[in-house]
1. Evaluate segment 4-11: report whether one residue or more is within 25 Å of residue 280 (Cβ to Cβ) and either assigned by TED's automatic domain parsing to the domain that holds residue 113 or at pLDDT 85 or above (or both).
2. Tell me which of these residue 246 doesn't satisfy, since it passes every other one: (1) in the same structural domain as residue 183 (by TED's automatic domain parsing); (2) at pLDDT 85 or above; (3) in a loop (DSSP other than H, G, I, E, B).
3. Out of the residues in segment 70-86 meeting the condition of being touching a strand residue (DSSP E or B) at 6+ places or on another chain (Cβ under 8 Å) and in a helix (DSSP H, G or I), tell me which one is surrounded by the fewest Cβ atoms within 10 Å (Cβ to Cβ).
4. Please determine whether any residue of segment 325-345 is over 19 Å from the mean Cα position of the chain (by Cα) and over 24 Å from residue 397 (Cα atoms).
5. Given the residues 185, 180, 157, which is the only one that is surrounded by fewer than 21 Cβ atoms within 10 Å (Cβ to Cβ), assigned by TED's automatic domain parsing to the domain that holds residue 219 and touching a strand residue (DSSP E or B) at 6+ places or on another chain (Cβ under 8 Å)?
6. List every residue pair whose Cβ atoms lie under 7 Å apart, where the two residues are 6 or more positions apart in sequence or sit on different chains, the first residue falls within segment 63-84 and is farther than 14 Å from residue 98 by Cβ, and the second residue, located anywhere, is at pLDDT below 90 and not in a helix (DSSP H, G or I).
7. For segment 54-69, state whether one or more residues are more than 18 Å from residue 108 (Cβ to Cβ), modelled with pLDDT under 95, part of a helix (DSSP H, G or I) and within 28 Å of the chain's Cα centre (by Cα).
8. Please verify whether residue 320 is at pLDDT 80 or above, touching a helix residue (DSSP H, G or I) at 6+ places or on another chain (Cβ under 7 Å), in a loop (DSSP other than H, G, I, E, B) and under 30 Å from residue 169 (Cα atoms), treating the condition exactly as stated.
C-alpha cells in the first residue's frame, strides 16, 4: 500500500459558526484550498482537539460558548495552529483580545471572498514555514521565534495596502522599526516620516506643517493625540493620501476614551498588527544579545565582549518591562563595568537603584506646584551627576541610553545644569 507524501496531503480546515448558511458558504469557498470540516458550536468543534487540523476559521460570538474558548482550547494543545476569528463590527474588542491571546488574524463581517481566501491561504502556507520552510527575513532582524514569524507574515500581507495600519506592542518592542520596514518594502523609505513622541498639546509643528510630500507617516502613541490633531490626521489620510502607520503601547479599544474620534478609531482597527514582546519571544534573546554586543564592541573598541552562560540564562528568564530598550541599557551598563570583556551574571543590573530619600519632606498643597517643579529639576540634575560619576569612561551617547533618553536631550540638560563631562 502506498503512503501519500506529507507534502501532498490536503490541508484540513475546520470551520466553526452557529449559522448554517455561513458554514455552507465557507465550505464552498475554501474547498479548493483543502478538506473542510464543519462544526456548528464550540463543543462540537472541540471534538477535533486530538485530530490533525491545519487551520481554524471560527466566529467569535456563538450561543453555547465564545470563539475565545475554542481559541484557548486548541492553542493549549497546538500553540502554532493558525486560528482565524470572524466578528461583527460590534465585537471588534473581542477580536482584538483574540489576537492578544494568539489568534492568527480576524476578519470583520461582512468580508469579501478574496479577503477570506487570502488569509486562509497565508495561514496554511505559514504551517509550511513553521515546518522548516525558509523565507527572506528583514536585514538585522532576529526572527527565530514563532511569534515573530507570525508578525512578519501578517505584516507582509499589509505592505501594499493603502489603508492605515496600527501596530500595537509594549514600550521598546520595536514598533517604529517595524513601521520603517513596511515603508521600505513599499519602496517608500525616502518619503517616510516618523513622529516618535506626539505630545498631548493642542498643536504639533510637524503634523501641522506641509508634510504631504511624505507618502508614509509613522505616528507613535496615536491615541494620545488632541482632538485638533486627530482632525488633522484624518485630513492627511482622507484628503492628502498619506499612508498612516500608527503605534500604540496597548490595544486600541483600551485607548483614547470618549475624547478620541470614533471614525478614526474604527479606521485604525481595520488592520492591526500585534508586535510580540521580548518575553513572548525568549528564543530570540540570545541572538539579540549577540547582535547588540557586536555593535557595542565596535563602538567601545572592545574586541572581546561576550556573556557567560549564567549571565545569558539570567537575561533569558528576566521579565523585561521596556523590551529591547531595557535589554540594551542592561548590556551597556554591564559592558562598561566589565574589566575583561566577559560579562558575568553579577555585572547585570536589572533595576535602577532608588534615589536616596527622593522626597525628604511632604509637599504642602499651598504653592505645591512650584515646589514640585523645583524638586523635579533637583532630582534630574542629581540623576545626571550620578550617572556621569558612575560611568566615567562612557560617552554621552552611552550615558543617555543608560538613563533612557537621547544624547541631545542629555547634553541640553547638562548645559542647563552646568554639569561637566567626566
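1. No.
2. (3)
3. First pass over segment 70-86, keeping only residues touching a strand residue (DSSP E or B) at 6+ places or on another chain (Cβ under 8 Å): 70-71, 74-75, 81-86.
The next check asks that each one be in a helix (DSSP H, G or I); those that pass are 70-71, 74-75.
Working: 70: 27, 71: 24, 74: 21, 75: 16.
Checked segment 70-86; the qualifying residue surrounded by the fewest Cβ atoms within 10 Å (Cβ to Cβ) is 75.
4. yes
5. Numbers: 185 fails: touching a strand residue (DSSP E or B) at 6+ places or on another chain (Cβ under 8 Å); 157 fails: touching a strand residue (DSSP E or B) at 6+ places or on another chain (Cβ under 8 Å).
Just a single option satisfies the conditions, and that option is 180.
6. From residues that are farther than 14 Å from residue 98 by Cβ, the pairs are 77/49.
7. Looking only at segment 54-69, we keep the residues that are more than 18 Å from residue 108 (Cβ to Cβ), and these are 54-55, 63-65, 69.
Now narrow it down to the ones that are modelled with pLDDT under 95: 54-55, 63-65, 69.
If we keep only those that are part of a helix (DSSP H, G or I) too, we end up with 69.
So of that shortlist, the ones also within 28 Å of the chain's Cα centre (by Cα) come out as 69.
Yes: segment 54-69 contains one or more residues that are more than 18 Å from residue 108 (Cβ to Cβ), modelled with pLDDT under 95, part of a helix (DSSP H, G or I) and within 28 Å of the chain's Cα centre (by Cα).
8. On the way: at pLDDT 80 or above: yes; touching a helix residue (DSSP H, G or I) at 6+ places or on another chain (Cβ under 7 Å): yes; in a loop (DSSP other than H, G, I, E, B): yes; under 30 Å from residue 169 (Cα atoms): yes.
Yes; evaluated as a whole, the condition is true for this residue.
The values are calculated or read from the model by the stated rules, or taken from the named source; none is laboratory data. Treat the numbers as computed from the prediction; the structure is a model and nothing was measured. Cβ coordinates were reconstructed from backbone atoms using ideal geometry, including for glycine residues, and neighbour counts include every protein chain displayed.
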